[in-house]
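Worksheet: one structure, shown below.
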Amino acid sequence: MAFPRPRDLVIQLPVQTRPASPGRHAGRPGRVPGYFLKGPVPLAWLASAATLRGRALTIGVLVWFVVGMKRATVVTIPGAWLAEFGVDRFAFYRGLAALERHGLVEVDRRRGAMPRITLVVGGRDRSQQRHHSHRGLGEGVDDDTER
């Protein structure tokens, strides 16, 4: 009695494909594991932050991350996250000031608390930005010349 050849033992079953679940596109990943930067983040905003010195870009990315995570327009950056990115508090304040001078964020500073940061998307035009950043010492003081 002859033994069957191996190719005669193979049974070919029809290939069944699972239908793509609704809401997912073929070839796209589902959920991203871990934390991620929620977008869209305007490339012009990132490019502007990248031209600044020091840790400004790192601070900017952290601001975008927290805004996306909290789904809020005004955020504070937790000190633990600054440490995670290797940013000390002095570099944080310098980077934040650079972003503010460039018109990428607005900052509400409070004594004894982390600053409240608002993203500025679209920004001010250059004439308003120059005027805002060079106001001088009389900022917030009304000029009462007509008494």
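The values are calculated or read from the model by the stated rules, or taken from the named source; none is laboratory data. Computed from a predicted model, the values in this text were never measured in an experiment. Glycine also receives a Cβ, built like all others from the backbone with ideal geometry; neighbour counts cover every protein chain displayed.
If the condition is being touching a residue at least 24 places away in the same chain (Cβ under 8 Å), surrounded by fewer than 17 Cβ atoms within 10 Å (Cβ to Cβ) and under 13 Å from the mean Cα position of the chain (by Cα), then the stretch 39-60 contributes 39, 42. The helices (runs of 4 or more DSSP H) found wholly in the stretch 27-119 and carrying at least 1 residues that are of a type in the set (S, T, N, Q) occupy 43-50, 56-70.
Restricting the stretch 92-147 to residues that are of a type in the set (Lys, Arg) and modelled with pLDDT under 50 leaves a set whose member that is surrounded by the most Cβ atoms within 10 Å (Cβ to Cβ) is 130.
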